[in-house]
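Down below is the structure, laid out as structure tokens.
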Amino acid sequence: MTNIEQGLACFRNIYKIAVADGYLVHEEKEMLLEAAQKMGVSNTQAQDIMKKINHLDFIIPEESAEQMRHLEYIIRMMMVDNEIHDREYELCFAFAKKIGKNEIILQKMISKIAKE
């Protein structure tokens, strides 16, 4: 995967979590904008993902380090508004399972990020 493909995949994954509860709060929007800039995702690319998100599944990176980077971004997005909604958690756990992580590992990562 090229850097831009990795950026698009990660943005798509965190956007899926951001809208899981049915709406975007201010903190989620800010994090999405910051992430898009950091990942090299253009406004047009971001808009395209946002329009199609209900029909898109997670993209699972091939490399383990990249998988963990996505999971960390997903957790941070899930927690950005200081409230973990059931649907956000379900999707976060589904991503974790797809990369071979169990709920214990997910809980440890959530706790670690919460302490930061």
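The values are calculated or read from the model by the stated rules, or taken from the named source; none is laboratory data. Here the structure is a predicted model, which means the values were calculated and not measured. Neighbour counts run over all protein chains shown; Cβ positions are idealised from the backbone, glycine included. What goes into the accessible areas is simple: the full protein's heavy atoms, side chains included, and nothing from ligands, DNA or RNA. Shrake-Rupley method; radii C 1.70, N 1.55, O 1.52, S 1.80 Å.
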Q.
Tally up the residues in the range 62-109 that are assigned to a helix (DSSP H, G or I), free of Cβ contacts under 8 Å to residues at least 40 places away in the same chain and farther than 20 Å from Val25 by Cα, please.
A. 16
**Q.** Filtered residues of the range 14-38 (kept if of a type in the set (Ser, Thr, Tyr) and in a helix (DSSP H, G or I))
**A.** Tyr15
Q: Please go through the range 57-91 and pick out each residue that is in contact with a Phe, Trp or Tyr (Cβ under 9 Å, 6 or more places away or on another chain) and open to solvent by 40 Å² or more (accessible area, probe 1.4 Å).
A: Ile60
Q: Go through the residues of the range 19-27 one by one and say whether even a single one is modelled with pLDDT under 95, among the small types (Gly, Ala, Ser) and open to solvent by 50 Å² or more (accessible area, probe 1.4 Å).
A: yes
Q.
Take the residues in the range 92-105 that are surrounded by fewer than 19 Cβ atoms within 10 Å (Cβ to Cβ) and aliphatic (A, V, I, L, M); name whichever of them is nearest to Ala9 (Cα to Cα).
A. Ile99
Q. On the given criteria, is Ile4 of a type in the set (A, V, I, L, M), touching a Gly at 6+ places or on another chain (Cβ under 6 Å) and assigned to a helix (DSSP H, G or I)?
A. yes
Q. Where residues in the range 39-54 are touching a residue at least 24 places away in the same chain (Cβ under 8 Å) and in a helix (DSSP H, G or I), which of them is farthest from the chain's Cα centre (by Cα)?
A. Gln45
